[in-house]
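Scroll down for the structure; my scribbles are underneath it.
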Amino acid sequence: MSLFFILFIITIVLNVWTIFNSLFLYPLSAKRELEEKPSVSLLVPLRNEADNVEGLIRSLRSLTYPDLEVILLDDHSEDGTLDRLNERVVDDERFTVIQGKELPEGWNGKVHACHQLSHAANGEYYLFLDADARVAPGVIQQTLAMMQQKKASMLSGFPNYPNANFLSHMLVPLQHMVVLLHLPLFVANRTTKPMFTAACGIFIMIEKNAYEAIGGHASVKSSLVEDVHIAREVKKHGYKMILANITESVLSYMYDSGQETWEGFKKNVYTGIGRSPGMVVFLTLFYAVVFLSPAVLAVVGLVAGDSAFFLPYLLTVAFKMYVDARTGHPLWLSFLLPLSVVLLIAIMMASMFVHKRGEKYQWKGRFYQ
């Protein structure tokens with residue numbers, strides 16, 4: 001069987017699987033009616049986020065949900081975040097600004113900040129939001145309606161990413177691709193099996209009773225991927241958690257520079273795959289075969305003058321273009337998928353070697369093992 005035929009079959013299956021799997025990534029919709037209107041606490045940890053304060057507060061002020069409190073925690077920022085927060089919220093009684101306590105031994109910084117926020121909250125539901133997120137005015141109604149319809153205690157999703165630098169363009173939208181490729185959503189969104197789980201800490205809505213039942217953020221206090229681990233705890237305790245397509249209602253300015261993108265991914269990616277060298281090897285080989293081999297074959301076709309050799313590569317482009325169209329990202333990214341995959345493999349290796357050398361990951365002035 002020729003390499004061309006093998007890659008042709010693989011890329012056809014890739015597209016069919018992705019389209020099928022995406023049918024179970026439920027979109028938030030403004031058309032769903034709320035059965036009940038519980039109180040909501042929107043909780044935002046901030047550390048050195050002065051540049052995000054104005055955009056964040058402007059976005060949160062536009063929220064139309066009636067029974068809402070917004071609590072913002074400054075986690076020992078050194079760039080004037082606290083002063084900017086106090087300036088921007090002074091005339092809106094929905095907003096409260098608090099200062100974080102010192103980080104205890106054994107805690108991840110963001111996890112500890114969220115833990116403190118939960119203790120200050122009064123709502124029946126908690127919405128944890130990152131400082132770089134921007135939300136549509138009706139996002140809380142949409143989220144609660146989806147949770148009520150699906151009888152879920154937790155909802156998360158990966159936002160749209162209007163990236164500001166080339167490395168972010170190459171890497172950040174891959175989060176959507178990875179979910180649709182690797183997570184069988186018809187199982188993840190319909191069962192409480194912990195192994196079939198994904199979540200994004202930029203946007204997490206969780207029922208207070210479920211949050212307290214799992215022990216809150218204290219149950220994952222040392223985690224670098226606390227979003228996924230909280231989702232697993234929710235399922236372990238028998239609660240339903242769903243992943244939704246939130247890209248029309250939530251966006252995130254995740255990284256400001258290429259260096260920040262690299263450091264952020266390096267901190268999370270190896271931990272995200274269970275710190276397993278075997279998984280690194282498997283994913284490297286898998287991505288090389290599925291995404292890089294068709295690109296190599298296309299180059300061979302270009303040299304040999306055989307346009308048929310382009311077909312597997314174009315099918316991988318079609319796959320990525322479908323994902324980007326569903327999530328609101330530029331369609332030109334799909335043609336650079338081989339480069340994105342090379343960068344992903346490189347950063348996966350770099351992340352693994354940090355751990356293997358016994359070094360620490362660095363993020364926002366703190367170090368993590």
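The values are calculated or read from the model by the stated rules, or taken from the named source; none is laboratory data. As the structure is a computational prediction, the values presented were derived from the model and not from experiment. With ideal geometry, Cβ positions are generated from the backbone for all residues, glycine too; neighbour counts draw on all protein chains shown. What goes into the accessible areas is simple: the full protein's heavy atoms, side chains included, and nothing from ligands, DNA or RNA. Shrake-Rupley method; radii C 1.70, N 1.55, O 1.52, S 1.80 Å.
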Residue-normalised value, i.e. accessible area per residue, for the chain at 1.4 Å probe, in Å², stands at 43 Å²
With viscosity set to 1.002 mPa s and temperature to 20 °C, compute the Stokes-Einstein D of segment 153-311, Rh being the Kirkwood radius across alpha carbon pairs; µm²/s, no decimals. 121 µm²/s
Tell me the net charge near L103. Cut-off is 15 Å between Cβ atoms, L103 excluded, with +1 for each Lys or Arg and -1 for each Asp or Glu. +1
Segment 1-108: radius of gyration over Cα atoms, expressed as a fraction of 2.2 N^0.38 Å: 1.74
Taking the simple approach of a point 7 Å from Cα along Cα-to-Cβ for both K356 and T191, what is their distance in nm? 3.3 nm
Using only the Cα atoms of segment 288-369, build the gyration tensor, take square roots of its eigenvalues as a ≥ b ≥ c, and label the shape rounded, prolate or oblate: rounded if a/c is under 1.5, else prolate if a/b is larger than b/c, else oblate. oblate
Share (percent) of C-alpha pair distances in segment 284-323 greater than 15 Å works out to 40 percent
So which aspartates and glutamates can K221 reach, going by Cα to Cα under 18 Å and dropping same-chain residues fewer than 8 places off? D75, E102, E105, D130, E212, E233
The summed charge of the P194 Cβ neighbourhood (under 9 Å; Lys/Arg +1, Asp/Glu -1) stands at +3
Where a Cα-Cα gap under 22 Å defines reach, which lysines qualify for K31, not counting those fewer than 8 residues away within the same chain? K150, K151
If DNA, RNA and ligands are ignored and the probe is 1.4 Å, what is the ranking of H237, H115, H217 by accessible area, most exposed first? H237, H115, H217
Once each part is reduced to its C-alpha centroid, what is the distance from segment 199-269 to segment 8-30 in angstrom? 23 Å
Dimensionless Rg/Rh of segment 96-143, both radii on Cα and Rh by Kirkwood, sits at 1.02
Quick one: pull the percent of accessible area on the chain belonging to carbon and sulfur, 1.4 Å probe, ligands and nucleic acids left out. 58 percent
On a full-extension model of 0.36 nm per residue, what is the gain between E54 and V289, subtracting their alpha-carbon distance, rounded to one decimal in nm? 80.1 nm
Determine Rg/Rh for segment 164-229; Rg is computed over alpha-carbon atoms and Rh is the Kirkwood hydrodynamic estimate from the same atoms. 1.03
